[in-house]
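What follows is a short report on a single structure.
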């Protein structure tokens, strides 16, 4: 698996707006289990493409509430591992369990609904939608209304006082017929999207088309879109690729704050300083095999890891 | 070559062209939406339209609607026929998707296979109305042209500068444009439309972000089918006929209109449809009506030579408010 180089340089005048942390309680997610429980289990997974063994008996666990780093040289199988976890590939052998459910072979959108979201190494936003709309697509994943329910507004909800429209006739109508659940979900989605954009620090350009956003904004937008699906596990695929040191520093803060919202974070990263600085534990892959696992300190001292990975310059990506 | 005839009746001929083009445009939406989401030309869509015209005939027959009823009855019969046509066409489109496309998609078949099964479905549907149903039920099914009662009789509503605006014409043009406006708003503003655009722009990513791709595909077939149903009613009102193979040329023209406007682009379907309708009527006046179809395709080729992606040339994902 080749991992293309992210060589795009960041635009110097990008102003990173410091996030407003007072909103955190609004976008925090509900937990379905206890901190420290096993959230995702990669159980002796092997993945072959024809004769190529991309993953060979890889075995590790992600615990609820931790930040786990997945590192390894180019072609070690990190992204393949992500793809297997999010339903893009089905493992040839072995099992992947999320919250106890077997997820290997399930459709990607169902895995997303179970609570796994991801970002991409090579940015894959919806280029012709605004930043806001991109995040709203993520929010939509959590909405309950069916297609006929949306088309004909079947499910009505008795609105609370603040949900009622301000003006006369629409207010009266809403009082009599209620408001469709779809409308309320749409409204909530819009609000939540804005809060998420604020959380990642790009709310100032919410209305702009994703393809017109500067590189750093696009990376953050991907994170916001993934968070919008309310994942218990968020997988970040090289979120710092192409970032300068100051931006990397910001990103480390962002990753910690994502954990504070209640998400468990899995991060693939080449930058050792970032990985050692932000993760609780690290799993190291080389040639599709796990060669080490442990705390950042343990991993950094592991001779196998040093030989395989740290021998190369940090920015080998 | 009779340019004088064209010039002297330019307003009338343009109106004719717009009427014809509105129907093309509505059918074109079905091609363009399916293409936008699946990158597939649904060749069975022409028969989705054909089924709609039969639904109109069936409704009129079932309720005994004929020419010369009272205003209330005419409105009721027309609305009922509209509903029946939309349901029948949407149902047919959905059935085609289920039977001809979904199983192949699950198996990961190459794109060319879908074209073949689409054409196969088209032939099956045509022969069903031309042969199978005739054997079972007898007339009106069969290989002949069937009259649809002109429940809504054409009357002149008003005149603008010597141009007679009839009720049917007004209904067709206003109806077609209103439906397109509604569809455009739906795709660009609503939550389901957002899902449609997400899949059109990047199906794999949309799926990873929790968008149910199968549901989006079903939705575009249903919406495209419903639009073809509207077109079927408007066609019945204008031409008062149907036939087992009526879908062939309408489908071909609508597909041409979709390509002309930029396939995958909703507004392109409107522009392409109107453009094609007007070009055809002009050609039939300048030369003669035998030249209608020739002109349609010559125009297509010329336009595509200069604008290979069509007049508006964007994809469904890019079409935005």
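FYI, it's all coordinate maths here, none of it is from the lab. A quick note: this is a predicted structure, and the numbers were derived from the prediction, not measured. When we count neighbours, we look across all protein chains shown, and the Cβ atoms used for this are built from the backbone with ideal geometry, even at glycine.
So for chain B, averaging the separation of alpha carbon pairs under 8 Å that are six or more residues apart and normalising by length, what relative contact order in percent results? Spell out each step's value before the answer.
Values: 569 pairs, mean separation 114.2, N = 321.
Computed value for chain B: 36 percent relative contact order.
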- Relative counts (whole %) of C-alpha pair distances in region B:61-184, using bins that are 5 Å wide: 2, 8, 11, 14, 15, 15, 14, 9, 6, 4, 2, 0, 0
- Where does region B:131-274 land on Rg(C-alpha)/(2.2 N^0.38 Å)? 1.31
- Query: What does the convex hull of the alpha-carbon atoms of region B:120-186 project to on average, in nm²?
  - Reply: 8.1
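From the C-alpha gyration tensor of region A:132-205, pull out the three semi-axes of the equivalent ellipsoid (sqrt of 5λ each), sorted largest to smallest, in whole Å. Could you put the intermediate results ahead of the total?
Values: eigenvalues 132, 53, 14 Å².
They are 26, 16, 8 Å, listed largest first.
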- Task: Could you state the angle between the C-alpha long axis of helix A:245-260 and the longest principal axis of the C-alpha atoms of chain A, as a value from 0 to 90 degrees rounded to the nearest 10?
- Result: 60
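What is the average number of partner chain Cβ atoms found within 10 Å of a Cβ in A:126-137? Don't skip to the answer; put the middle values down first.
Details: counts 11, 4, 12, 7, 1, 0, 0, 5, 5, 1, 3, 12.
Counting other chains' Cβ atoms within 10 Å and averaging over A:126-137 gives 5.
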- Item | Amide N of region B:1-18 lying under 19 Å from the label point, which is placed 7 angstrom from the Cα of residue B:164 along Cα→Cβ | B:6, B:8-18
- Message: Using only the alpha-carbon atoms of region B:88-135 as identical scatterers, what base-10 log of I(q)/I(0) does the Debye formula give at q = 0.14, 0.16, 0.25 Å⁻¹?
- Response: -0.39, -0.49, -0.92
- What number, in percent, do you get for the relative contact order of region B:156-221 if the mean sequence gap of Cα pairs under 8 Å and at least 6 apart is divided by its residue count? 16
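Which order do B:97, A:133 fall in if you start with the one that has the fewest other Cβ atoms within 10 Å? Numbers along the way, then the final one.
Details: B:97 24, A:133 21.
Arranged by neighbour count, lowest to highest, B:97, A:133 become A:133, B:97.
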- Tail fraction, Cα-Cα pairs, region B:8-84, threshold 21 Å, whole percent: 51
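If you rank A:66, A:269 by fewest surrounding Cβ atoms within 10 Å, what's the result?
Details: A:66 18, A:269 26.
Lowest to highest Cβ neighbour count: A:66, A:269.
Given the rule -39500 (n - 2.57) for each run of at least 4 DSSP H residues, summed and divided by the residues of chain B, what is its mean residue ellipticity at 222 nm, to the nearest 500 deg cm²/dmol? Write out the running numbers ahead of the final one.
Values: 14 runs with 227 residues, N = 321.
So the calculated ellipticity at 222 nm is -23500 deg cm²/dmol.
For region A:21-155, what is the per residue volume of the convex hull drawn over the alpha-carbon atoms, in cubic angstrom?
On the way: hull volume 24.6 nm³, N = 135.
Looking at region A:21-155, the number lands at 183 Å³ per residue.
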- Query: Which number do you get for Rg(Cα) / (2.2 N^0.38 Å) in region A:88-231?
  - Reply: 1.26
- Task: Let me see the pair-distance distribution of chain A: every alpha carbon pair, 10 Å bin width, integer percents in order.
- Result: 6, 25, 32, 23, 9, 4, 1, 0
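Tell me the relative contact order for region A:96-202 as a rounded percent, counting alpha carbon contacts under 8 Å between residues six or more apart.
Numbers: 62 pairs, mean separation 27.9, N = 107.
In percent, rounded to a whole number, it is 26.
Using the 10 angstrom Cβ neighbour count as an exposure proxy, how do A:255, B:41 rank, fewest first? Show your work: numbers first, answer last.
Details: A:255 24, B:41 20.
Ranking A:255, B:41 by Cβ neighbours within 10 Å, fewest first, gives B:41, A:255.
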- Item | Degrees, to the nearest 10: A:215-228 long Cα axis against longest axis of chain A | 70
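What does the average come to when, for each residue of peptide B:191-200, you count the partner chain Cβ atoms lying within 10 Å of its Cβ? Walk me through the intermediate numbers first.
Details: counts 11, 6, 1, 10, 5, 0, 5, 9, 2, 2.
Neighbouring Cβ atoms belonging to other protein chains average 5 per residue here.
Taking the Cβ-Cβ separation of residue B:239 and residue B:73 as r and a Förster radius of 25 Å, what is the calculated FRET efficiency to the nearest 0.05? Working shown, then result.
Working: r = 22 Å, r/R0 = 0.86.
Between residue B:239 and residue B:73 the formula returns 0.70.
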- Query: For residue A:37 and residue A:301, FRET efficiency with R0 = 25 Å and r from the beta-carbon atoms, rounded to 0.05?
  - Reply: 0.35
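Over all residues in A:147-154, what is the mean tally of Cβ atoms on other chains that come within 10 Å of each residue's Cβ? Provide the component values of the computation, followed by the final result.
On the way: counts 8, 0, 0, 7, 6, 0, 0, 0.
Averaged over the peptide's residues, the number is 3.
Can you give me the Rg/Rh ratio for region A:179-317, using Cα atoms for both radii and the Kirkwood formula for Rh? Numbers along the way, then the final one.
Details: Rg = 17.7 Å, Rh = 16.8 Å.
Using only Cα positions, Rg/Rh for region A:179-317 is 1.05.
What is the Cα convex hull volume of the protein assembly as shown when expressed per residue in Å³?
On the way: hull volume 127.8 nm³, N = 638.
Looking at the protein assembly as shown, the number lands at 200 Å³ per residue.
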- In whole Å, what is the distance between the alpha-carbon centres of region B:153-228 and region B:69-148? 19
- Message: I need the Kirkwood Rh of region B:154-204: take the reciprocal of the average 1/r across all distinct C-alpha pairs and report it in angstrom.
- Response: 13.4
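If eta is 1.567 mPa s and T is 4 °C, what Stokes-Einstein diffusion coefficient results for region B:1-48, Kirkwood Rh from Cα pairs, in µm²/s? If you can, show how the numbers build up before the last one.
Details: Rh = 12.9 Å.
For the chosen part, D equals 101 µm²/s.
Reported to two decimal places, what Rg/Rh ratio describes chain B when computed on Cα atoms with Rh from the Kirkwood expression?
Working: Rg = 19.6 Å, Rh = 20.1 Å.
Using Cα coordinates only, the ratio equals 0.97.
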- Within the protein assembly as shown, percent of DSSP bridges classed antiparallel, to nearest 5: 65
- In whole angstrom, how far apart do the alpha carbon centroids of region A:214-239 and region A:124-189 sit? 24
- Item | Residues in region B:72-97 that a label on residue B:63 would reach, taking backbone N under 17 Å of a point 7 Å out along Cα→Cβ | B:72-89
